[in-house]
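Novice: Below you will find the structure I want to go over with you.
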Amino acid sequence: MDQKIYDFIGIGIGPYNLSLAALTEDMKDIDRIFFDQTPKMEWHPGMLIEGADLQVPFMADLVTFADPTSHYSYLNYLKHFDRLYKFFFFQKLEIPRNEYNDYLQWATDQISGLYFGKEVVDVVEHDEPEPYYELVILDTDTHKTESYYAKHVVMATGSEPLILDSMQGFPNEDILHTSRYLYEKEALKKSDHITIVGSGQSAAEIFYDLLEEREDQEFHLTWLTRSEGIFQLEAAKVGQEFFAPDYVNYFHNLPLEKRKEALETLDPLRNGIDYSTLNGIYDMLYHYSVGGEDPRVTIQPLTEVRQIEKADEGYTLKCHQWQKEENFDYQTEKVILATGYKPNIPDWFLSRFKDEIEWEDEKLFKVKRNYELTFKEPKENKFYVVTNLEHSHGTAATNLGLAVQRNMEIINDLIGEERFNTNRKQIFQQFSMKS
């Protein structure tokens, strides 16, 4: 055919595929491009709260675990902006969240083959004159489509806000997901009562941020979560080894039900709240309560918000304290949903491949250890997925520290040679006597 066929095309340009782009930028034997439907690189812009840090050290950048000398490392970004000494005296391993976003934007400007405002709306398989994929791309400005061609595909479409059906259909300025927090913050502060629903780091950061705003405001602040408690993220060094390639190897070989059980066991490592955030919240509450003052705060775990209803003034939350099996109504003016995210699986993916791929259950597709989608009939042209991997790769699914390792493995598999050494033992502990 006359059209150019790339070695691979990446769908999505978040940190995961941006890392893949950085690692392949200088590889002359790999020809690739990437598309993303958003107009520019922005990493969770609605949650770039001033003073909030990543929960992983700076080494979890785009390239360091593969090549610490890379031009695209976080340390080189700091050097470029004369911030090395500032970071040295900052004396923290964790990156400020807004600086991590700035780092990603800086790297995006340095790397070729990244196209924003381009939505992949279909992927079509062809067999002649040789097997290849056709990606149909919609330009979000002109609304025109064009096609690009590749031997292989890497889909990293990320996640989207998870909002329960019983919490949808309300004005965005009243009932909003955490992903929109900064966009609505000024309007929120003018209300009389704000309720945060959900648990985890995002809920805690917003609660902390609004609590700081209370120095000049008078709103009541509530935090309801169905979790058993508001607990600290497990941060012991030995425990952190579960975020290593060695554990991913072990986890992937377990039966599906054992993998699901393991994810529940690992919850304190994956979904807790930073020590500094929890301490900051408590310290502020203590100061607000000096002299017997009412801090105008309600915090209640063990509570599931089952439904939201419009009231004469504000909203009624239909709540259930599940440990005591008590139902109650709770009145509030604004609601922030810290209900997490779900995998963003494009409609075209299911319509094209649902019947061709193997499924571990009705919602979880089967993924090989090398992140290759498993088809019922093996294909010469591979389709890699780095979205919806929690069931198959456990701690590697959403952890930035393992993203580079994932991309090294994908590159090795794509080119059919060990460009990166990914098989060495990386940690002190092991998870089975048999490999």
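Novice: Here's a check for you: in the stretch 338-388, which residue that is among the hydroxyl-bearing types (Ser, Thr, Tyr) and within 24 Å of VAL121 (Cα to Cα) is surrounded by the fewest Cβ atoms within 10 Å (Cβ to Cβ)?
Specialist: In this case the residue turns out to be SER351.
Novice: Do you know which residues across the stretch 186-205 are buried (at least 17 other Cβ atoms within 10 Å of the Cβ) and more than 22 Å from the chain's Cα centre (by Cα)?
Specialist: LEU188, HIS193, ILE194, THR195
Novice: Looking only at the stretch 136-156, which residues are free of Cβ contacts under 8 Å to residues at least 12 places away in the same chain and not in a strand (DSSP E or B)?
Specialist: THR142, HIS143, LYS144
Novice: Looking at GLU119, GLU130, which one is in a loop (DSSP other than H, G, I, E, B) and assigned by TED's automatic domain parsing to the domain that holds THR387?
Specialist: Within the list GLU119, GLU130, the selection yields GLU130.
Novice: Further question: How many residues does the stretch 404-435 contain that are of a type outside the set (Phe, Trp, Tyr) and assigned to a loop (DSSP other than H, G, I, E, B)?
Specialist: Residues meeting the conditions: 17.
Novice: Across the stretch 41-79, what is the total count of residues that are among the charged types (D, E, K, R) and either within 22 Å of ASP274 (Cβ to Cβ) or modelled with pLDDT under 95 (or both)?
Specialist: The total comes to 3.
Novice: Okay, moving on. Within the stretch 389-403, is even one residue on the phi < 0 side of the Ramachandran plot, surrounded by fewer than 19 Cβ atoms within 10 Å (Cβ to Cβ), over 24 Å from the mean Cα position of the chain (by Cα) and in a helix (DSSP H, G or I)?
Specialist: no
Novice: Of all residues in the stretch 43-84 being of a type in the set (Asp, Glu) and exposed (fewer than 15 other Cβ atoms within 10 Å of the Cβ), which is farthest from the chain's Cα centre (by Cα)?
Specialist: Among them, the one singled out is ASP82.
Novice: Tally the residues that are surrounded by 17 or more Cβ atoms within 10 Å (Cβ to Cβ) and within 12 Å of SER112 (Cβ to Cβ), restricting the search to the stretch 1-29.
Specialist: The number of residues fulfilling the criteria is 4.
Novice: Filter the helices (runs of 4 or more DSSP H) completely within the stretch 1-110 down to those with at least 3 residues that are among the polar types (S, T, N, Q) and in contact (Cβ under 8 Å) with a residue 24 or more places away in the chain.
Specialist: The helices (runs of 4 or more DSSP H) meeting that bar are 15-24, 97-110.
Novice: From VAL404, VAL385, grab the single residue that is touching a residue at least 60 places away in the same chain (Cβ under 8 Å), of a type in the set (Val, Ile, Thr) and farther than 23 Å from PRO68 by Cα.
Specialist: Among VAL404, VAL385, only VAL385 is touching a residue at least 60 places away in the same chain (Cβ under 8 Å), of a type in the set (Val, Ile, Thr) and farther than 23 Å from PRO68 by Cα.
Novice: Could you please let me know if ARG352 is under 28 Å from SER70 (Cα atoms), among the basic types (Lys, Arg) and assigned by TED's automatic domain parsing to the domain that holds GLY10?
Specialist: Against the criterion (under 28 Å from SER70 (Cα atoms), among the basic types (Lys, Arg) and assigned by TED's automatic domain parsing to the domain that holds GLY10), ARG352 does not qualify.
Novice: For the stretch 80-102, give me each residue that is touching a Leu at 6+ places or on another chain (Cβ under 7 Å) and within 21 Å of SER70 (Cβ to Cβ).
Specialist: LEU84, PHE87, GLU94, ILE95, TYR100, ASN101 - these are the residues of the stretch 80-102 that are touching a Leu at 6+ places or on another chain (Cβ under 7 Å) and within 21 Å of SER70 (Cβ to Cβ).
Novice: Can you say whether SER227 is closer than 24 Å to TYR288 by Cα and either among the small types (Gly, Ala, Ser) or more than 24 Å from the chain's Cα centre (by Cα) (or both), as far as the supplied structure shows?
Specialist: Answer is no for this residue.
The values are calculated or read from the model by the stated rules, or taken from the named source; none is laboratory data. Because the structure is predicted, anything quoted here is derived from the model rather than measured. Using ideal geometry, Cβ is built from the backbone for each residue, glycine included, and neighbour counts are taken over all protein chains shown.
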